[in-house]
Amino acid sequence: MVEQADHREIILSVAREQVLSRIRQAIPPTAASSVKAGHAAIPREYQRAGTLGESARLTLFEDRLRDYGAGVYRCAESAIAATVALAMKARGKSELIVPPAVPQAWLPAEARFLPSNALSYADLDQTQGVLTNCVGAVAISGTILLQHTADNGRRAITLIPDYHLCIVFADQVRETLAEGLEALPKSLSVPITTISGPSATSDIEMTRVKGVHGPRVLDVILAARNP
Amino acid sequence: MSIRVGKAAQAPPFPAVAKQLVHNSQIRHNVRHATDVIRNKRARVVDEMPDWQQLRDAGHRIKEHTLHHLDRYLLQFEESCTRAGGKVHWAADADEANRIVVGILQANGEHDVIKVKTMTSDEIQLNSALEAAGITPYETDLADLIVQLGEDQPSHIVVPALHRNRMEIRELFLRKMGLETLGEKAEDLAAAARAYLREKFLRVRAAISGANFLIAETGSVCVVESEGNGRMCLSLPQTLITVAGIEKVIPTFQDLEVFLQLLPRSATGERMNPYNSIWTGVTPGDGPQEFHVILIDNGRTSVLADEESRETLDCIRCGACLNVCPVYRQTGGHAYGSIYAGPIGAIVTPQLLGMEHSQSLPYASSLCGACYEVCPVKINIPEVLIHLRNKVVQNGDAPLEERIAMKIAALAMGNSSRLGAAHKLVRIGQRLFENDGQLTGLPGMMANWTATRDLSALPPESFREWWSKRTTGRSS
């Protein structure tokens, strides 16, 4: 090991002084207050707030997801377990892994669900897939936001398995990216992954091809909260 | 200083390579096809955004503001990242950056390292430095893998293997991956890459990434990708090393809402690329527990010092300017002799390297302005190109014939009687070459023009001559 990660000190070096002094020669430094004011004065006239009603917003989200080749189910909160069973059956899955905070009520009795905690990378590679929730979503780009704590699980569990079934609640779907990022519930220092469709590549003749290293199949259950 | 941009300092001039490449019909066909596809996709997803111009304005202004206070934002990033458990290193040039990366890997006893697509590592020739130190780098981005397996050079900023078509890639995979059979569909090729790399993802303990954005406020790093190879490299290994140019810093997390809209729509014509990873230092129980960021200058501060071309550093590497460039679309990326091709490459490469290299690149453009129109952060590439052409001339680096011709032109155009005399001379001289009012087969430097284009002969009477006759006639 080079240094322990808890050794939190700035590494001073000749290069650091060199680079900083070359920057300051290029552009003379200004007062800290003018930096803040300058940033605040940047015009942001793009559309930060959405304008769609709930139903149109959800339709847009669903449409975007389907455009990426993701499967979409709509159901009521009380029907999540039944819909999970339906989605698994359609993909021929009998067993999924789940992060610790996924509620028991979402798990249909007829399928098996394993806690993801103790699994090694090699174990994860052998699983049939993963079931998680998310922390938010963005309709305009069909994007799901994960923040990797107990709810969404560590990053590897939604990456190594080939199938990801994700529960998104209707009230988690924001229209714009600005709204989606602003609504992230946890500290920004928790790792964030955004997912827009199954893994894909455009590297061969610029055509989006589904399925490379991340999950090749993504299904989304869009659930309306119980009144 | 050992400033490098891949092998650009040794590359032959643009016209020499371009001349050969335009005769390679396979490459031209591949480049034309791929850029057509991506241009159309981009146009479709940009047109559906009513606020695209406002987003461009914001992106431009954020970049401009950040560069203006670059020292502060870098220090803020260093502080936030360090507080979160990351190690921030600085490198003045390519060699320094490579030494730091090799040093970290050697200290950990690593012999293999997986890599997420990073232009910056190509710029500093990190792979050669790793190999020289006995460390094997594995490129994991599909296009980078194609380039690495084919011992090829990248030809596009976003899709480095764009000059290869499906069948060429299939043959390469069959040969290099030791496969007996392989389908012909793009899906089959992607599946082959998945199988080939999976073992490496699960086994190799160290990774190298680039950065799309460094967030000063939070100390976070953002990597934008499609395949999931990025997520594999960023979250599975024990050790992660991120190499990033100093211009990659942005002030706040909120600023991402601008760039994460501009970048995917401009780069691949998608509303959003499949995956974005944003992480901050180290997170106990999730991902690499040792994390290093190397902030690299390698010529960037010289660009910063030139007020007229500073905006070159605004670039977010989307590649949109390549796809619309009439020059790039004819030659492909290899003519530029640099890992940075196309219009943006023509301004980045000579500036990073210093103007004594790559002097032909500022001329590799018709100045049509298509690049400026599509640039998501509004870099005025044509204006910078003209500024750089001026620098080439000021440095006295223009060809001798051209310098003499320009001196004579300046002399002749300096006053009206000299210009009149010059016109008369040319009218006599042009008789040798005149054909139906067009000049053909001019000698010397002028042959470059007349070999492929028309050049009208001077008319028997100039405007000035006509005018002076006319006024004389009226007053008498």
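Any read-out appearing in this document is the output of simple, stated calculations on the displayed coordinates, not a laboratory observation. This is a predicted model, so every value here is computed, not measured. We place every Cβ from the backbone using ideal geometry, glycine too, and count neighbours over all the protein chains shown.
For region B:80-88, backbone phi angles converted through the Karplus equation (6.51, -1.76, 1.60; θ = phi - 60°) give residue-by-residue couplings of 5, 5, 5, 4, 7, x, x, 10, 9 Hz, Gly and Pro being listed as x.
Cβ crowding within 10 Å, taken as a proxy for footprinting-reagent exposure, orders B:271, B:164, A:66, B:175 from fewest neighbours to most as B:175, A:66, B:271, B:164.
Taking other C-beta atoms within 10 angstrom as a stand-in for reagent exposure, B:452, B:118 fall in the order B:452, B:118, fewest first. Counted over the protein assembly as shown, the DSSP beta bridges are approximately 35% antiparallel. Sorting A:116-125, B:355-364 by their mean Cβ neighbour count within 10 Å, with the most densely packed peptide first, gives B:355-364, A:116-125. Dividing the Cα radius of gyration of region A:54-224 by 2.2 N^0.38 Å, with N the residue count, gives 0.97. I need the shape label for region B:50-301. Rule: rounded when a/c is under 1.5, else prolate if a/b > b/c, else oblate, with a, b, c from the alpha carbon gyration tensor. Oblate, since a/c reaches 1.5 and b/c is not below a/b. With the simple model of a label 7 Å out from the Cα in the direction of the Cβ, residue B:469 to residue B:99 spans 7.5 nm.
With pairing defined as another cysteine C-beta under 4.7 Å, the cysteines of chain B that fail it are B:81, B:222, B:233, B:315, B:318, B:325, B:368, B:375. Against chain B, whose longest principal axis comes from its Cα atoms, helix B:400-413 is set at around 50 degrees. About the centre of its Cα atoms, the protein assembly as shown shows a dipole size close to 1620 debye [charges on the beta carbon of Lys, Arg (+1) and Asp, Glu (-1) only; nearest 20 debye].
Only Cα pairs under 8 Å and 6+ residues apart enter the sum, and on that basis the relative contact order of chain B stands at 21 percent. The GluC sites (Glu not before Pro) of region B:277-315 that DSSP puts in a loop, and whose beta carbon has at most 16 other beta carbons within 10 Å, are B:307, B:308. Among B:318, B:368, sorting on how many other beta-carbon atoms sit within 10 Å of each Cβ, with the fewest leading, yields B:368, B:318. The charge dipole of region B:50-301, taken about its Cα centre with unit charges on the Cβ atoms of Lys, Arg (+1), Asp and Glu (-1) only, comes to about 380 debye.
Between the helical axis of B:342-353 and the longest alpha-carbon principal axis of chain B there is an angle of about 80 degrees. Taking Rh as the Kirkwood radius, which is the inverse of the mean 1/r over Cα pairs, what is the Rg/Rh value for region B:400-475? Taking Rg over the Kirkwood Rh, I get 1.04. Here's the picture: charge each Lys and Arg Cβ at +1 and each Asp and Glu Cβ at -1 in region B:400-475, and of B:444, B:411, B:471 the one pushed furthest to the positive end of that dipole is B:471. For region B:393-476, applying the loop criterion from DSSP together with a ceiling of 12 other beta carbons within 10 Å to the GluC sites (Glu not before Pro) yields B:461. For region B:451-464, 3J(HN,Hα) computed residue by residue from phi via the Karplus equation (6.51, -1.76, 1.60; θ = phi - 60°) reads 5, 10, 9, 7, 9, 5, 6, 5, x, x, 9, 7, 4, 4 Hz, glycine and proline entered as x. Peptide B:236-246 has a mean shielding of 1, counted as Cβ atoms of other protein chains within 10 Å of each residue's Cβ.
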